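These notes are about the structure you will find just below.
The values are calculated or read from the model by the stated rules, or taken from the named source; none is laboratory data. Here the structure is a predicted model, which is why all the values come from computation and not from measurement. Because the Cβ atoms are built from the backbone with ideal geometry, glycine has one as well, and the counts that use them run over all protein chains shown.
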Amino acid sequence: MRIRRALPEDYENLLPLFEEVDANHRAHHPLLFKAPDGPARDRTYYQSVLESEGYNLLVGELDGALVGLVVVIVKDAPHIPILVPRRFAVIDNLVVRADLRRSGYGEQLMEAAHDLAREAGATSVELNVFAFNQSALRFYEQLGYGIVTFKMSKRL
């Protein structure tokens, strides 16, 4: 798999990948996620991601087809006296086409994300995983990630 930065002309080919992850979230959290009337990420949003400082969208290409993506956001900790100054990266999204999962492509995308983060001066990488997604939890744990916080919710 070849990994590269996303280009404006990749937009249409990325929509099915985003839909895979979105459908999974809708299925497990219908109170948080709904099916959109059109694309979940319109072209204007996509272009803003490509142009935003600190945002990086990497795509995995196999035989000319886009089969995965990872969104890496590089941030600096807020300047608050109790926080240690640091630069870190956040994985905002990781998707590998469903029929290609468990083939090593997710690991390749994450390694590219880690490389990008290091090159940007980040000293750590953070991400969020929904509790229902046990396969993602296992995947990230195998990559050396550990739980730092628990986000809890109560419906009123």
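General observations
- Check on Ala65, small (Gly, Ala, Ser), at pLDDT 95 or above and touching a Ser or Thr at 6+ places or on another chain (Cβ under 9 Å): no
- Residue ID - surrounded by the most Cβ atoms within 10 Å (Cβ to Cβ), chosen from residues in segment 18-51 that are in a helix (DSSP H, G or I) and in contact with a helix residue (DSSP H, G or I) (Cβ under 8 Å, 6 or more places away or on another chain): Tyr46
- Residues of segment 48-69 that turn out to be within 13 Å of Asp10 (Cα to Cα) and touching a residue at least 60 places away in the same chain (Cβ under 8 Å), as a count: 4
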